[in-house]
């Protein structure tokens with residue numbers, strides 16, 4: 001397993017992983033209409049923008065290809081995404097991606113990270129030190145809304 005920076009050549013594979021993750025891992029918490037709206041917004045131009053504006057990492061297996069993706073918006077001190085292919089879920093890949101993004105955030109002098117967690121991912125973020133702040137919504141390009149949970153993690157060095 002290798003964690004590396006995403007490139008334009010990865011966009012098709014990223015899209016496939018992202019859509020598979022949403023459709024397979026989020027269906028218990030969101031309606032079919034929400035999933036359709038959400039996945040239809042995952043265009044190549046959205047990924048082009050993310051590649052330019054964010055720290056965009058992928059988890060790659062030499063035999064199986066891309067298995068996950070993660071994004072960090074340094075300017076807003078926000079984890080923008082962690083998505084794992086459903087065939088690779090619960091293997092620690094998400095935790096590896098998040099750890100790498102947190103290291104980059106730490107190197108960028110970010111004292112607190114925020115994530116707008118999907119409802120199904122709250123347990124994942126809680127296990128990794130994030131604390132629920134409040135419920136919020138994410139508005140998709142077509143106007144559809146997804147209920148999310150704003151969570152934060154203190155990244156400041158521990159004091160004695």
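Just one of the listed residues (114, 152, 136, 126) is farther than 17 Å from residue 71 by Cα and assigned to a strand (DSSP E or B), namely 136. With respect to (1) part of a helix (DSSP H, G or I); (2) in contact (Cβ under 8 Å) with a residue 60 or more places away in the chain, the lone exception for residue 83 is condition (1). Residue 146 meets the conditions (1) closer than 28 Å to residue 60 by Cα; (2) crowded, with 18+ Cβ neighbours inside 10 Å; (3) in contact with a strand residue (DSSP E or B) (Cβ under 8 Å, 6 or more places away or on another chain) in every case but one. The failed one is (1). Residues of the range 37-56 include at least one that is over 21 Å from residue 139 (Cβ atoms) and touching a strand residue (DSSP E or B) at 6+ places or on another chain (Cβ under 8 Å).
Could you say whether any residue in the range 101-110 is within 27 Å of residue 65 (Cα to Cα), at pLDDT 95 or above and out of contact with any strand residue (DSSP E or B) (no Cβ under 8 Å at 6 or more places or on another chain)? Break it down stepwise before answering.
The initial filter retains those residues of the range 101-110 that are within 27 Å of residue 65 (Cα to Cα), namely 101-105.
Going one step further and asking which of them are at pLDDT 95 or above, we end up with 101-105.
Adding the requirement that they be out of contact with any strand residue (DSSP E or B) (no Cβ under 8 Å at 6 or more places or on another chain) leaves 103.
Yes, the range 101-110 contains a residue that is within 27 Å of residue 65 (Cα to Cα), at pLDDT 95 or above and out of contact with any strand residue (DSSP E or B) (no Cβ under 8 Å at 6 or more places or on another chain).
For residue 67, state whether it is crowded, with 17+ Cβ neighbours inside 10 Å and either free of Cβ contacts under 8 Å to residues at least 60 places away in the same chain or outside any strand (DSSP E or B) (or both). No; evaluated as a whole, the condition is false for this residue.
Taken together, 138, 116 contain a single residue that is exposed (fewer than 14 other Cβ atoms within 10 Å of the Cβ) and within 17 Å of residue 30 (Cβ to Cβ), which is 138. Output the residue which, of all residues in the range 40-60 that are closer than 21 Å to residue 89 by Cα and modelled with pLDDT of 95 or more, is surrounded by the most Cβ atoms within 10 Å (Cβ to Cβ). Here the answer is 59.
Tell me, yes or no, whether the range 89-100 has at least one residue that is at pLDDT below 95 and either at negative phi or crowded, with 18+ Cβ neighbours inside 10 Å (or both). The answer is yes, given that some residue of the range 89-100 is at pLDDT below 95 and either at negative phi or crowded, with 18+ Cβ neighbours inside 10 Å (or both).
Restricting attention to the range 119-136, report how many residues are within 16 Å of the chain's Cα centre (by Cα) and closer than 21 Å to residue 35 by Cβ. If you could, list the steps in order and put the result at the bottom.
Residues of the range 119-136 that are within 16 Å of the chain's Cα centre (by Cα), as a first pass: 119-130.
Still in the list and also closer than 21 Å to residue 35 by Cβ: 119-125.
Looking only at that region, the number is 7.
The numbered conditions (1) within 24 Å of residue 155 (Cα to Cα); (2) more than 12 Å from the chain's Cα centre (by Cα) are all true for residue 66 except (1).
Among the residues of the range 11-36, just one is surrounded by 13 or more Cβ atoms within 10 Å (Cβ to Cβ), assigned to a loop (DSSP other than H, G, I, E, B) and out of contact with any strand residue (DSSP E or B) (no Cβ under 8 Å at 6 or more places or on another chain), namely 27.
The values are calculated or read from the model by the stated rules, or taken from the named source; none is laboratory data. On a predicted model such as this, the values are computed, not experimentally measured, just so you know. Neighbour counts are summed over all protein chains in view; Cβ atoms, including those assigned to glycine, are modelled from backbone coordinates with ideal geometry.
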